[in-house]
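Values in this text are rule-based calculations from the coordinates and carry no lab data. Note that the coordinates shown come from a computational prediction; the quantities given were computed from them, not determined experimentally. When we count neighbours, we look across all protein chains shown, and the Cβ atoms used for this are built from the backbone with ideal geometry, even at glycine.
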Amino acid sequence: MTILAVYPVDVAARFALILLSVAAVLCFIRLRNGPSLPDRVVALDTLATLLVGALIVHAILVEETHSLRVAAVLALVNFIGTVGFALYLRRRDTS
Amino acid sequence: MIVVWTAAVLIVVGSFFSVLAAVGILRMPDVYMRAQAATKSATLGVCSLALAAMLLTPSPGASARALLIIAFLLLTAPIAAHMICRAAYTAGVTTWEKTEIDELREQADHDARESRI
């Protein structure tokens, strides 16, 4: 069995990786020319969420579950980073 | 076989919603709409991807981790989007010019009137 692509999950996972790459490129465009700093923070947050999805698809594709731990940690770190940016924006405004 | 096809459909739907989040973040006119478009559809997309991983993996530990990812995302994504939008509003980022309802501004005006009286 050399042709893996007959397996429907395999086809779907490869398709999903392509779509997630397109989504990441669109987020990078917003990250590059977002007019304000909160725009960039929202784009960065979505980019990290897309990276969590790509790690899950990678875990499905190579049938290796270590990427799921990385995805869980990345989801938490992403939340902490976004909250830190929000607090920084608020403090920069009041001071 | 049903499990495999369900997982394949979930993967396709999840990646489609992730692309929808990116299109929303690119096309929406101000920060608040971008934040809500990105948060809701990206969370739904990644949650269905994790659900597909949970269906496909044979080991219970890995499916528990996929469930953990879903719980983290559903718990943290709305809080993060709310905090970013609150900080953007406090920092004075303007809304779209066609936005008509601004209840936070109305509340601030109401409070100012009350304190004047």
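Structure above, values below:
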read-out: Zone residues, segment B:78-117, relative to residue A:33, backbone N less than 14 Å from point 7 Å out along Cα-to-Cβ; value: none
read-out: Using alpha-carbon coordinates, inclination of helix B:31-56 to the longest axis of chain B, degrees; value: 20
read-out: For chain A: relative contact order, % (alpha-carbon pairs under 8 angstrom, 6 or more apart); value: 24
read-out: Most mobile listed residue (B:29, B:58, B:78) in chain B, GNM with C-alpha springs under 10 Å; value: B:58
read-out: 0 to 90° range, to nearest 10: angle between helix B:2-27 axis and chain B longest Cα axis; value: 30
read-out: Global geometry of segment A:7-94, whether rounded, prolate or oblate, following the gyration tensor of its Cα atoms and the 1.5 cut on a/c; value: oblate
read-out: Listed residue (A:55, A:78, A:68) projecting farthest to the positive dipole end of segment A:7-94, Cβ model; value: A:78
read-out: Using alpha-carbon coordinates, inclination of helix B:103-116 to the longest axis of chain B, degrees; value: 30
read-out: FRET efficiency estimate (nearest 0.05) - Cβ-Cβ, residue A:91 to residue A:18, R0 35 angstrom; value: 0.30
read-out: Cα-based equivalent ellipsoid of the protein assembly as shown: semi-axis lengths in Å, sorted from largest, via gyration tensor; value: 38, 17, 14
read-out: Chain A: DSSP helices with Cα axial extent of at least 24 Å and average Kyte-Doolittle hydropathy no lower than 1.0; value: A:8-33, A:37-62
read-out: Computed helical MRE - 222 nm, the protein assembly as shown, DSSP H runs ≥ 4 contributing -39500 (n - 2.57), nearest 500; value: -30000 deg cm²/dmol
